[in-house]
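S.K.: Below is the structure I would like to discuss, written out as structure tokens.
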Amino acid sequence: MNFLNTASINAMLVSGLIGAVGLTGLVGFVQTVHASGNAAIAKTNPYDDLADAVMDIDQALAQARADKVPVLLVFGANWCGDCKILSAALHSGTVAPMIARDFKVVKVNVGRFDKNLAVVEKYAVPLKKGIPAIVIVSAENVVLYATKAGELADARKMGDVGIYEFFKKISVATKAKVSPEALSPKL
């Protein structure tokens with residue numbers, strides 16, 4: 001019996017595509033698939049392994065001073081499901097318009113708890129309580145709020161509505177310059 005292996009199947013598919021759409025069409029198709037793949041990777045890997053967190057924070061602080069808004073630091077990692085859920089919510093969930101309006105956002109990749117440790121230490125982020133964790137700082141880099149007990153470590157269970165409610169209280173509290181706990185004993 002003559003079995004087809006993956007390479008021969010792929011070769012037949014590619015030659016069939018070249019015949020059907022021509023080489024130029026195939027190149028365009030491959031470029032589109034590649035670009036789509038990068039977008040998918042960006043969504044599944046929201047924390048940039050090559051980012052300079054200190055530089056990103058400095059740039060966000062400068063923008064925050066100009067826009068008169070605080071900076072939201074989101075500490076997480078690409079392997080963390082809750083971090084991915086929170087990132088998606090901040091980018092395109094119910095809370096996204098509020099976050100875009102009220103904060104400059106910097107994602108800080110903590111890797112496997114071995115990256116950006118100086119930043120983690122500077123802002124006293126309790127990684128042992130879980131990630132994602134957040135710190136909100138004023139445009140002058142003064143801590144206004146920080147998760148201390150893993151409040152977002154169950155982002156999957158919180159869902160879009162729970163994440164929205166959490167940030168709504170945080171946003172109101174930071175604008176009013178009061179403790180979020182003063183607004184609700186749940187936080």
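The values are calculated or read from the model by the stated rules, or taken from the named source; none is laboratory data. Not measured: the values here are computed from a predicted model. Quick reminder, even Gly has a Cβ in these numbers, built from the backbone with ideal geometry, and neighbours come from all protein chains shown. Note: areas computed on protein heavy atoms with side chains; ligands, DNA, RNA excluded. Shrake-Rupley method; radii C 1.70, N 1.55, O 1.52, S 1.80 Å.
S.K.: Mind checking which residues of segment 145-157 are in contact (Cβ under 8 Å) with a residue 24 or more places away in the chain and under 16 Å from LEU90 (Cα atoms)?
M.R.: Of everything in segment 145-157, those that are in contact (Cβ under 8 Å) with a residue 24 or more places away in the chain and under 16 Å from LEU90 (Cα atoms) turn out to be GLU151, LEU152, ALA153, ASP154, ALA155, ARG156.
S.K.: Look through segment 99-118, keep the residues that are touching a Lys or Arg at 6+ places or on another chain (Cβ under 9 Å) and more than 22 Å from GLU140 (Cβ to Cβ), and return whichever of them is least open to solvent (accessible area, probe 1.4 Å).
M.R.: Keep residues of segment 99-118 that are touching a Lys or Arg at 6+ places or on another chain (Cβ under 9 Å), which gives 102, 108-109, 113.
Then drop every residue that is not more than 22 Å from GLU140 (Cβ to Cβ), which leaves 109, 113.
Values: ASN109: 9, PHE113: 87 Å².
Among those that are touching a Lys or Arg at 6+ places or on another chain (Cβ under 9 Å) and more than 22 Å from GLU140 (Cβ to Cβ), it is ASN109.
S.K.: How about segment 66-143: which strands (runs of 3 or more DSSP E) wholly inside it have at least 1 residues that are over 22 Å from ASN45 (Cα atoms)?
M.R.: 133-137
S.K.: For ILE170, all conditions in the list (1) open to solvent by 70 Å² or more (accessible area, probe 1.4 Å); (2) under 22 Å from ALA60 (Cα atoms); (3) touching a residue at least 12 places away in the same chain (Cβ under 8 Å); (4) among the hydrophobic types (A, V, I, L, M, F, W, C) hold save one; what is the number of the exception?
M.R.: ILE170 satisfies all of (1) open to solvent by 70 Å² or more (accessible area, probe 1.4 Å); (2) under 22 Å from ALA60 (Cα atoms); (3) touching a residue at least 12 places away in the same chain (Cβ under 8 Å); (4) among the hydrophobic types (A, V, I, L, M, F, W, C) except (1).
S.K.: Restricting attention to segment 134-157, report how many residues are surrounded by 17 or more Cβ atoms within 10 Å (Cβ to Cβ) and under 15 Å from GLY81 (Cβ atoms).
M.R.: So the answer is 3.
S.K.: Let me ask something else. Go through (1) at pLDDT 95 or above; (2) within 25 Å of ILE163 (Cβ to Cβ); (3) surrounded by 11 or more Cβ atoms within 10 Å (Cβ to Cβ) for ALA62 and report which single condition fails.
M.R.: (2)
S.K.: Let me ask another. Identify all residues within segment 160-182 that are at pLDDT 95 or above and either assigned to a loop (DSSP other than H, G, I, E, B) or small (Gly, Ala, Ser) (or both); write none if there are none.
M.R.: GLY162
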